[in-house]
């Protein structure tokens with residue numbers, strides 16, 4: 001049975017259940033953390049549940065507003081352990097949301113343009129920069145009207161607060177107000193959505209910069225590299241064609257994979273050249289620093305001094 005023949009309900013379970021378990025586990029982790037923090041620190045015990053929850057979210061998102069923080073040695077030690085385990089969990093959740101958001105966009109796009117299974121071959125498809133920027137601007141625009149914070153409430157302050165939160169800068173001069181259940185729920189959703197959006201945007205920019213790095217230096221030998229598959233030798237281009245037919249990938253997607261392989265091979269070639277250059281440098285100048293040469297130089301200086 002191929003992936004295309006898998007029942008829809010099974011696909012749904014594969015997609016939803018891991019994310020649901022991750023969210024439930026992270027929620028339980030946050031709630032347990034609140035009670036432990038308040039048991040270890042009397043000042044944190046005076047904080048409301050909403051304030052503690054926002055403190056934990058800002059910690060795991062590496063924002064660190066600083067308005068709430070542990071004061072006792074025990075609470076600080078627990079904060080380190082809490083962050084060491086919690087930050088990877090939070091980043092995993094953000095990465096999964098971004099991945100499924102990107103897949104949803106390409107599925108919608110493929111439905112509009114009439115291409116089936118677009119992106120089935122490549123699991124690393126990125127959201128277009130225009131869409132990423134539009135998503136980021138839209139989230140900031142919504143938050144500017146609805147997200148309560150300690151700033152002046154001007155447009156510049158609203159955008160500033162959102163950006164330092166999404167970029168996980170968190171100077172602490174502007175902090176979210178979470179004095180109601182609605183505000184804490186919206187604040188958490190807003191921060192998570194913003195971190196997802198800015199991560200997608202920065203990833204797209206990084207891909208652009210990587211492509212600029214290889215302009216004019218394209219390595220074009222990837223498609224002809226021979227690989228062993230099924231007991232026989234075949235070029236990479238043939239292998240990708242077979243895989244593409246299995247997953248209904250378009251020729252354009254296969255060409256993009258080959259271009260990525262070209263970039264990878266060029267990067268490896270550059271690394272090998274750098275290693276060879278370092279080795280030549282070491283072979284040339286290492287003898288000058290050997291013990292025998294050092295002794296001969298010392299003896300020469302001694303003779304000159306005696307003269």
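The values are calculated or read from the model by the stated rules, or taken from the named source; none is laboratory data. In this text the structure is predicted, and so the values were computed from the model without any measurement. Positions of Cβ are backbone-derived with ideal geometry, glycine not excepted, and every protein chain shown enters the neighbour counts.
Return yes or no: is residue 192 part of a helix (DSSP H, G or I), over 21 Å from the mean Cα position of the chain (by Cα) and closer than 25 Å to residue 27 by Cα? In short, no.
Residues of region 114-121 include none that is at negative phi and free of Cβ contacts under 8 Å to residues at least 60 places away in the same chain. A single entry from 252, 217 fulfils the requirement of being modelled with pLDDT under 90, loosely packed, with under 14 Cβ neighbours inside 10 Å and within 26 Å of residue 135 (Cβ to Cβ): 252.
Per-residue answers, yes or no, for (1) under 16 Å from residue 102 (Cα atoms); (2) at pLDDT 90 or above; (3) in a helix (DSSP H, G or I):
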position	(1), (2), (3)
119	yes, no, no
122	yes, no, no
125	yes, no, no
142	no, yes, yes
160	no, yes, yes
165	no, yes, yes
171	no, no, no
179	no, no, no
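Which one of these does residue 37 not meet: (1) farther than 20 Å from residue 94 by Cα; (2) in contact (Cβ under 8 Å) with a residue 40 or more places away in the chain; (3) not in a helix (DSSP H, G or I)? If we test residue 37 against (1) farther than 20 Å from residue 94 by Cα; (2) in contact (Cβ under 8 Å) with a residue 40 or more places away in the chain; (3) not in a helix (DSSP H, G or I), just (3) comes out false. For residue 59, the conditions (1) more than 25 Å from the chain's Cα centre (by Cα); (2) without any contact (Cβ under 8 Å) to a residue 40 or more places away in the chain all hold with the exception of (1).
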